[in-house]
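Mind having a look at this structure? Questions to follow.
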Amino acid sequence: MANATGKQMAEAPREEDLKDLEDFRAELQTMVDKARDDGRIYMMKEYTLLVAHISPEIKRIRSRFERETLAAFRKEHNDLKAIAKAERKAAKEAAENAAAHSAQDANT
């Protein structure tokens, strides 16, 4: 989360929140089935509305977690590339310094 305030971070969903929402949706779906079996049309409609409200939120949160995971992978990859580049540069400089010293020693 770029430039997130403390309040935004506190409001950010966590893995546990997603799990709770998924469990709640499963419970509601069970309630829809039970209401249908019992012939309780009104309650079936209400439970269905709740499932319809929660399902897109679950998708949104899951997508967010997937984006954040992918961003973390890309950042780690870039960090490793930068470290490898710095190591290659240091090794090249060390080799050049060693060559310069051996050439200098050969001249003396």
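The values are calculated or read from the model by the stated rules, or taken from the named source; none is laboratory data. Worth saying up front: this structure is predicted, and the values here are computed from it rather than measured. Virtual Cβ from ideal backbone geometry, glycine too; neighbours counted across all protein chains shown.
Confirm whether R74 is among the basic types (K, R), over 18 Å from E22 (Cα atoms) and modelled with pLDDT of 95 or more.
yes
With the requirement that a residue be touching a Pro at 6+ places or on another chain (Cβ under 9 Å) and either among the charged types (D, E, K, R) or loosely packed, with under 10 Cβ neighbours inside 10 Å (or both), what does region 61-108 give you?
If the condition is that a residue be touching a Pro at 6+ places or on another chain (Cβ under 9 Å) and either among the charged types (D, E, K, R) or loosely packed, with under 10 Cβ neighbours inside 10 Å (or both), then R64 is the only one that fits.
Whether any residue in region 66-85 is over 30 Å from P13 (Cα atoms) and among the acidic types (D, E) is what I want to check.
No, because not a single residue in region 66-85 is over 30 Å from P13 (Cα atoms) and among the acidic types (D, E).
Select from region 37-79 the residues that are over 19 Å from the mean Cα position of the chain (by Cα) and of a type in the set (A, V, I, L, M) and write down the one among them that is nearest to A26 (Cα to Cα).
V51
Could you list all residues from region 1-27 that are outside any helix (DSSP H, G or I), loosely packed, with under 10 Cβ neighbours inside 10 Å and modelled with pLDDT under 65?
Within region 1-27, M1, A2, N3 qualify.
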